[in-house]
Each structure stands twice: as C-alpha cells, then as structure tokens.
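**Student:** Sharing a structure below in structure tokens format, with a few things to ask.
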Amino acid sequence: MTQRSEQLVLDYLSEVGLALYGRVSAKERTAYLTALRARIDERRRAAGDDVDTVRRILRGFGAPEHLVQEELTGEAFDLEDDEMIPARPRHADRPPPPWRGGPSQGLMSLLEGPGQTEMRMDGRTARRPGVMRNSLLLVRHHAPEAVALGMFALAGVWWDAASVWVLGAALLLLSQVWGTRDKWIGVGLPLLACVVGVALWDGDAKFIDLYIQQALPSTGVPALAVASLVCVLYLFPKAARSARAADRVGG
C-alpha cells in the first residue's frame with residue numbers, strides 16, 4: 001500500500017462523504033463509507049496498488065456525486081474519465097469565506113460561512129438559491145419552521161403584534177430541524193433582551209407591577225423585537241440548508 005494510492009482513496013471517500021451529507025443520516029453515511037472502503041480495498045488486493053491501478057479502480061466506481069445519486073435513486077451515469085476522479089478533494093478548492101479573503105456575497109454569505117457556494121462536478125462553484133428561492137423551499141419542506149420564522153419577523157417589525165412571538169417560540173421548540181443550541185438561542189436571546197430592556201427603563205414607578213406595565217412596552221418589547229430579527233437571521237440559513245437537502249433527496 002503506497003502513500004499516494006492511499007491518499008487517492010481517502011480523497012475519493014471524502015468526496016463521497018460530502019455528497020452524502022444532508023441526504024442520509026450520519027450513521028447511514030458512516031456505514032456506507034465503510035462498505036465502500038471495503039469494496040475498494042478488495043479490488044486493490046486483486047488488481048494491484050500502484051497509483052494508476054487505483055485511479056482505474058476509482059473510475060470504475062464513478063464520480064462521487066453520481067455514485068451517491070445512483071445509490072439513492074438507482075440512476076446510472078455514463079461519463080468521460082476526466083469527470084470521474086479528482087486529483088484532490090474538490091472541497092479543497094472551495095473559495096474561502098469573505099473574512100478570509102474570499103469573494104463577498106452579501107450578508108447571507110457571512111451568516112452561512114464557507115457553505116454559501118456549492119461545488120459542481122466540473123470543479124466550478126455555483127451559487128446556491130437566493131433568499132426568495134430558499135424561502136419557497138422552506139415553506140414547501142418545513143412549513144412549521146417557516147411559520148415560526150414568519151412570526152419572529154412579524155414580532156420584530158410590528159411591535160403591537162409582539163405577542164405572536166410566543167407562538168413562534170413554541171414552534172421553534174417543537175422543531176426537528178433546529179438543534180438544541182439553536183433553540184436556546186432562538187428563545188433565550190429575545191427573552192434576555194426583553195428583560196434587559198425592562199431593566200434599563202429610566203421611568204419612575206412606585207410599585208413593581210406598575211414598573212413592568214410601563215417598562216415592558218417602552219423598552220422591553222422593542223428589545224425583544226430587535227432580538228427576534230437577529231434570531232431570524234441566525235435560524236433562517238440553517239433551516240434553508242435543511243430544506244435544500246430535502247429538496248435534493250425528493251428530486
């Protein structure tokens with residue numbers, strides 16, 4: 001087993017793992033990669049382990065994206081050899097995020113980080129769908145999460161409707177898309193902002209109940225509204241990524 005041929009295999013498995021991401025569970029992805037590695041190693045033992053032989057073996061399996069697509073859908077692909085095996089993982093050529101000198105793609109790219117672009121099989125990058133397209137996918141595949149974000153946004157821009165934030169928070173807590181940390185941030189940040197806003201009210205009230213009644217609409221609700229909009233910007237990209245993955249799997 002040469003170091004170069006082993007690196008080719010590792011690069012290939014890395015690409016397959018990236019293609020599987022978001023389409024299957026982590027457990028299923030690990031099991032598939034383990035089985036694929038065993039199949040590759042079996043062919044290496046039978047055919048040889050020099051670099052050219054390993055490249056031919058990997059070409060026999062096909063391009064990582066198409067191997068995964070065939071596994072998930074049963075479709076077969078007929079591609080030229082130069083489309084098959086990258087010399088190194090394609091994610092190594094992914095453009096860096098703007099804060100590391102990469103191209104700026106606006107506010108959403110700052111929120112999503114390096115994942116804002118997707119790699120094509122020809123090695124070029126393709127922009128992911130914009131906010132409108134992501135929103136439509138979110139409504140289609142994750143309607144409760146879309147409603148929750150809509151309620152957060154409504155509470156953020158229309159202070160008189162701030163009470164709908166409670167319904168949005170309930171949907172957020174019941175979500176299967178956002179993780180535990182996302183839920184803590186989505187619910188905790190607005191509540192904390194509201195408490196701080198009430199505490200910073202500079203009015204005068206003799207009793208605590210009067211203080212809350214006056215401070216809450218004056219500074220508490222505006223603080224909750226601003227924090228709700230921040231949470232929308234934080235939660236939307238995560239939900240959109242899940243919706244895009246569901247759309248790819250659903251075909």
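The values are calculated or read from the model by the stated rules, or taken from the named source; none is laboratory data. Every value quoted in this text rests on a predicted model; they were computed, and no experiment measured them. We place every Cβ from the backbone using ideal geometry, glycine too, and count neighbours over all the protein chains shown. Accessible surface areas use protein heavy atoms only, side chains included; no ligands, DNA or RNA. Shrake-Rupley method; radii C 1.70, N 1.55, O 1.52, S 1.80 Å.
**Student:** At 7 Å along the Cα-to-beta-carbon direction for both Leu72 and Leu10, put a label point, then send me their distance in nm to one decimal.
**Tutor:** Label-label distance for Leu72 and Leu10, simple model: 2.7 nm.
**Student:** Could I ask something else about it? Give me the lysines in straight-line cross-link reach of Lys238: C-alpha distance below 16 Å, same-chain residues under 8 apart excluded.
**Tutor:** Of all the lysines, those that pass the test against Lys238 - Cα under 16 Å, at least 8 places apart if same chain - are Lys183.
**Student:** Oh, and also: Starting from the 7 Å offset along Cα-to-Cβ, what nm value, one decimal, do you get for the label separation of Arg56 and Asp204?
**Tutor:** Distance between the two pseudo-spin positions: 9.3 nm.
**Student:** To continue, here is another question. Give the dimensionless ratio obtained when the Cα radius of gyration of segment 17-62 is divided by 2.2 N^0.38 Å.
**Tutor:** Against the compact-globule rule of thumb, the ratio is 1.31.
**Student:** Also: How big is the Kirkwood radius of segment 129-168, worked out from every pair of different alpha carbons and given in Å to one decimal?
**Tutor:** Hydrodynamic radius (Kirkwood, Cα pairs) of segment 129-168 is 10.5 Å.
**Student:** Okay, next question. Can you sort Cys194, Cys231 by solvent-accessible area, 1.4 Å probe, largest first? Each step should come with its number before you reach the end.
**Tutor:** Working: Cys194 25, Cys231 0 Å².
So, going from the largest accessible area down, we get Cys194, Cys231.
**Student:** Right, another one. In a Debye calculation with equal point scatterers on the alpha-carbon sites of segment 183-222 and no solvent, what is log10 I(q)/I(0) at q = 0.15, 0.31, 0.33 Å⁻¹?
**Tutor:** Per q value, in the given order, log10 I(q)/I(0) is -0.35, -0.96, -1.03.
**Student:** Moving on. Ordering Phe152, Phe236 by accessible area with a probe of 1.4 Å, largest first, what comes out? Please list the in-between numbers first.
**Tutor:** Values: Phe152 5, Phe236 25 Å².
The ranking, largest first, comes out as Phe236, Phe152.
**Student:** Here's something else I'd like to know. Among Ala243, Leu192, Pro222, flag the residue with its Cα farthest along the positive direction of the charge dipole of segment 174-243, charges on Cβ as +1 for Lys/Arg and -1 for Asp/Glu.
**Tutor:** Towards the positive end, the residue furthest out is Ala243.
**Student:** Please compute, over every Cα-Cα pair in segment 168-251, the percentage with a separation greater than 20 angstrom.
**Tutor:** Details: 1628 of 3486 pairs.
Cα-Cα pairs of segment 168-251 separated by over 20 Å account for 47 percent.
**Student:** Follow-up. Find the centroid of the Cα atoms in segment 152-217 and in segment 1-31, then give the distance between the two in whole Å.
**Tutor:** 44
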